[in-house]
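Coordinate-derived values only; no laboratory data. Quick caveat, the model's predicted, so the values are computed rather than measured. No Cβ is skipped: glycine too gets one built from the backbone with ideal geometry, and neighbour counts run over all protein chains shown.
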């Protein structure tokens, strides 16, 4: 065996990187800020690139260039942290606030799961979700979401430990003012035309128009860009569901990945039996804990389940009265700073894009 | 406030048969007037560029370098002309230059592998390292030798072996004459052979 062949075998177990993550990291860095959870709103980001034309895009890139390395990531939301590739894998012991670096290739069979209090809360939340009405939905209808969200602009320095300088970046984060955005997502197809209303301006969108690769983003939706119809096809057995989520593009062994994927699916609003299964699946994830008091973006008090990853605590907040999902937020556990937040104020199925629910 | 009435064109395109994918050069030209099209290239080449960069400097630092590689490419896309319809070698070249600032990190990890037999770069992707002792010995020698290579030689060698570029593509991607690429690679190979010579009689010293 000659030396070139030996080199070709060195580190050959390093896999191809994820196209999704590369794209999201690129879009995040080009945009310069992430107001919305990137994976869910990747669509909207692509559309912003389109609707706001070339000048802001170049300007955003220029702004990004002026910032110190590492800081930019902090301006993305925590979902963005995952998408932008901050996922740090086991073996890095220099992570702050990371009590257990989770990696387990047989996660659904794991018997430990969430903390007992979190498992109890998730069971109640799941029961409340399962009791919601589940009327039939037509292909021509739209999922209506009235949402609030904000990221934050961080001026903090990277950690002193230079080898992990990008990790746990947020130092002094100033939350941005939350934006209200209303969305109309087509029930059955990413390629049909949806719309969002922001600052009084209605913008149409369609995945087709965003010129993304149709093989990676089928019109019927996928785990990262789900349609309501796609969500209806998910299994309602929590173990099966969690297995499926784990095998979504990403880091199948990472508990954080499972938690954040479920968080994205919850945000979208799925049929009640699937929503309940998502909560029950989350209860199987080790490291999920309860935060007794959490307030969402628009000031509604609640109780949350949380997962800490890379110094950021991601919370899903539920109403204490109704146990309905209110929203999520990400907090830097080093200083308590809010890194990002989203809230769902209203969710409905409507007949037309642009139509407010009755 | 309905928008359905203006959506016909898009829905028509949604039903159209899948287009044959544009080559890179075409995508780049289109992206000048339609910037978000550049994301097509990120999806197309991000996996390979990400793997190459990760293999050299480890996952933790790779994400930054890859994102910046595409940003640099995006900014310079108007200047992309004659390098070919496949822009992957161009991207490898950008990534390679950006990795120069990670040189110490790259060398540190190679030395760690040389010293301990455990590779920090592959650790996240391997559940348990159960190399044969002999294989690990070769790996450690190889890593030690690679750590000592001048960075230009290491660049040329790894663009050849890990990125799979031809000598001509390496010359274009790194902006050096073909003869220089040939000389760098042959020097690097000679050093590696020397460092491995006593381990494996099948690897002769010299050309």
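Observations on the model:
- Peptide B:138-149 has a mean of 2 when you count, residue by residue, the C-beta atoms of other protein chains within 10 Å of its C-beta.
- Using the average count of surrounding beta-carbon atoms within 10 Å as a protection proxy, the listed peptides A:262-275, A:312-325, B:58-71 rank, highest first, as B:58-71, A:262-275, A:312-325.
- The slack in the chain from residue B:123 to residue B:186, taken as 0.36 nm per residue of separation less the alpha-carbon distance, amounts to 19.6 nm.
- For the listed peptides A:285-292, A:177-184, A:143-150, a ranking on the average number of other beta carbons within 10 Å per residue, highest first, reads A:143-150, A:285-292, A:177-184.
- Efficiency of FRET from Cβ geometry, residue B:100 and residue B:194, R₀ 22 Å, rounded to 0.05: 0.30
- For the pair residue B:167 and residue A:9, label points projected 7 Å from Cα toward Cβ lie 2.6 nm apart.
- With R₀ fixed at 51 Å, the C-beta to C-beta distance from residue B:108 to residue A:293 puts the FRET efficiency at about 0.70.
- Shielding of B:150-158 by partner chains, average beta-carbon count, 10 Å: 1
- Computed FRET value (nearest 0.05) for residue B:25 with residue A:177, which takes r as the C-beta separation and R₀ as 41 Å: 0.45
- Segment residue A:131-residue A:324, extension gain: residue separation times 0.36 nm, minus the distance between their alpha carbons: 68.4 nm
- Average other protein chain Cβ within 10 Å of Cβ, residues B:45-56: 5
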